[in-house]
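The values are calculated or read from the model by the stated rules, or taken from the named source; none is laboratory data. Please read all numbers here as calculations on a predicted model, not as lab measurements. Counting neighbours? That spans all protein chains shown, and the Cβs are built from the backbone with ideal geometry, glycine included.
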Amino acid sequence: MSFPWAKHYEPKQPLMRWLDEKLPLPRLVYGAIGAGYPVPRNLNYFWNFGVLAGLALVIQIVTGVTLAMHYASYAGGAFGSVEAIMRDVNAGWFLRYAHANGASMFFVVVYIHIFRGLFYGSYKAPREMIWLLGVTIFLLMMATAFMGYVLPWGQMSFWGAQVITGFFSAIPVVGDTIRIWLLGGYAPDDAALNRFFSLHYLLPFVIAGVIILHIWALHIPGSNNPTGVDVKGEQDTVPFHPYYTAKDGFGLGVFLFIFAALLFFAPNSLGHPDNYIPANALQTPAHIVPEWYFWPFYAILRAFTVDFIGIPAKLLGVLAMFGSILLLFFLPWLDTSPVRSANYRPKLRVALIVLLFDVLLLGYVGGAEASAKNVILGQIGAAYYFAHFLIILPWISRSEKPVELPNSITEAVLAKHGGTSPAHTALAH
């Protein structure tokens, strides 16, 4: 989408004019995040989380590259090298805790970012490619985080790798071959650590590349907004800078405050104490769990306990776990309603709230022991998760009568602010 009212970059300083002629990087930045990029005037703080995800990735790359300089990727030295980082490297404890808790903050931000997309219909045309690239980023994040969880080579790292890669063996014919290929052998050892370390180091840069594509795709149709109504003209937009750079700056401050509080006062609260015990292949932990951000998917994996029409329960669990993520790729075509925002779709709003509680339930079950009660709760939660996307959402999109939409973004903003002038409204955002 082109914005004829967007300001064009005209460098005034001789050096900037020369640089713009030889390498138009200033023009690119100006058009991407400056006054040359108009955005809807009614974006709320849920739109901060894209920038926060970018900051979280930068934190992970910077701390990860530094940690890699001191890490030993072999079974006999991995655990000791992590302990040496914590005790002997200058500010090593800070880097290690920042990296570990930064992963958790990254997933918190991305989960909120995904839910915002679900609520406001950011996956709908013409933004399908933005959504598909976003789900791809999410998959790459999950792979990167799993491999990173193995690297400290504590008890939970070793047995997490043993259990999760073991599920691949449930795949008929090729399952055992895939598992051996992943581990480089028949059990997690030196070869697995080398593989996981190299991929864990590489994938964040792949994620950064896909994020560039994600932002590029975003700039073609422009940003969605809480009303889901398309931009009608200049009166519906404000320049990204200074309005949203200021708003994002406030969000960054809140993010860093929470991150600092977690880092300095509760750095181990989101980890597992068993990971401070060296890996021991002869001693199985009483309760093996992945990191907390995998718990909903782990609950879906464990929800299948009985074979079905000849298909082993283990294979069903693996298929369901991967299917729960792959479903998101088809979301733009599962929801056929022409209205984007759940603000104007009362049935969808209720369904999304129920889905949120369902995912939280799955998260609880995934982190709890596999008792009979928790298995039943996991089965109920998994059934509703798939029902939401495959049954409830298509039914709602066909049967729901949406609330009347505003004619334009400006009309919605003025109604919200009691007829405030457009200039005053622009300053307020």
Filter result for the condition that a residue is at pLDDT 95 or above, in the same structural domain as Pro290 (by TED's automatic domain parsing) and within 23 Å of Pro273 (Cβ to Cβ), over Met86, Met69: Met86
Checking the structure you have, find out if any residue of the range 363-382 is in the same structural domain as Ser122 (by TED's automatic domain parsing), modelled with pLDDT under 95, closer than 17 Å to Ser122 by Cβ and not in a helix (DSSP H, G or I). no
When Tyr74 is run through (1) touching a helix residue (DSSP H, G or I) at 6+ places or on another chain (Cβ under 6 Å); (2) within 16 Å of Gly148 (Cβ to Cβ); (3) not β-branched (Val, Ile, Thr), the failure sits at (2)
Within the range 399-418, can you find the residues that are among the aliphatic types (A, V, I, L, M), modelled with pLDDT of 90 or more and more than 11 Å from Arg41 (Cβ to Cβ)? Val403, Leu405
Conditions first: (1) part of a helix (DSSP H, G or I); (2) in contact with a Gly (Cβ under 8 Å, 6 or more places away or on another chain); (3) closer than 18 Å to Leu43 by Cβ. Pro204 passes all but one, so which condition is the exception? (3)
Can you tell me how many residues in the range 353-384 are charged (D, E, K, R), surrounded by fewer than 19 Cβ atoms within 10 Å (Cβ to Cβ) and in contact (Cβ under 8 Å) with a residue 24 or more places away in the chain? 1
For the structure I just gave you, tell me whether Leu133 is assigned by TED's automatic domain parsing to the domain that holds Val62, in contact with a Lys or Arg (Cβ under 8 Å, 6 or more places away or on another chain), among the hydrophobic types (A, V, I, L, M, F, W, C) and over 24 Å from Val65 (Cβ atoms). no
Considering only residues of the range 204-241 that are within 27 Å of Ala56 (Cα to Cα) and free of Cβ contacts under 8 Å to residues at least 24 places away in the same chain, which is surrounded by the most Cβ atoms within 10 Å (Cβ to Cβ)? Trp216
Return the only residue of Ala32, Ala53 being of a type in the set (Gly, Ala, Ser), closer than 29 Å to Asp248 by Cα, at pLDDT below 95 and outside any loop (DSSP other than H, G, I, E, B). Ala32
Is the range 179-197 home to any residue that is part of a helix (DSSP H, G or I) and hydroxyl-bearing (Ser, Thr, Tyr)? no
Residues located in the range 215-234, provided they are under 16 Å from Val29 (Cα atoms) and in contact with a strand residue (DSSP E or B) (Cβ under 8 Å, 6 or more places away or on another chain): Gly222
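Could you run through the range 152-178 and say how many residues are outside any helix (DSSP H, G or I) and within 17 Å of Asn280 (Cβ to Cβ)?
Residues of the range 152-178 outside any helix (DSSP H, G or I): 152-154, 171-174.
Going one step further and asking which of them are within 17 Å of Asn280 (Cβ to Cβ), we end up with 152-154.
Result for the range 152-178: 3.
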Given (1) modelled with pLDDT under 90; (2) of a type in the set (A, V, I, L, M, F, W, C); (3) in the same structural domain as Glu83 (by TED's automatic domain parsing), identify the lone condition not met by Met16. (3)
So, Leu319, is that one surrounded by fewer than 20 Cβ atoms within 10 Å (Cβ to Cβ) and without any contact (Cβ under 8 Å) to a residue 40 or more places away in the chain or not? yes
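Might you check whether a residue that is basic (Lys, Arg), surrounded by 19 or more Cβ atoms within 10 Å (Cβ to Cβ), in contact with a Lys or Arg (Cβ under 8 Å, 6 or more places away or on another chain) and closer than 21 Å to Gly228 by Cα occurs anywhere in the range 345-352?
No - not one qualifying residue is present in the range 345-352.
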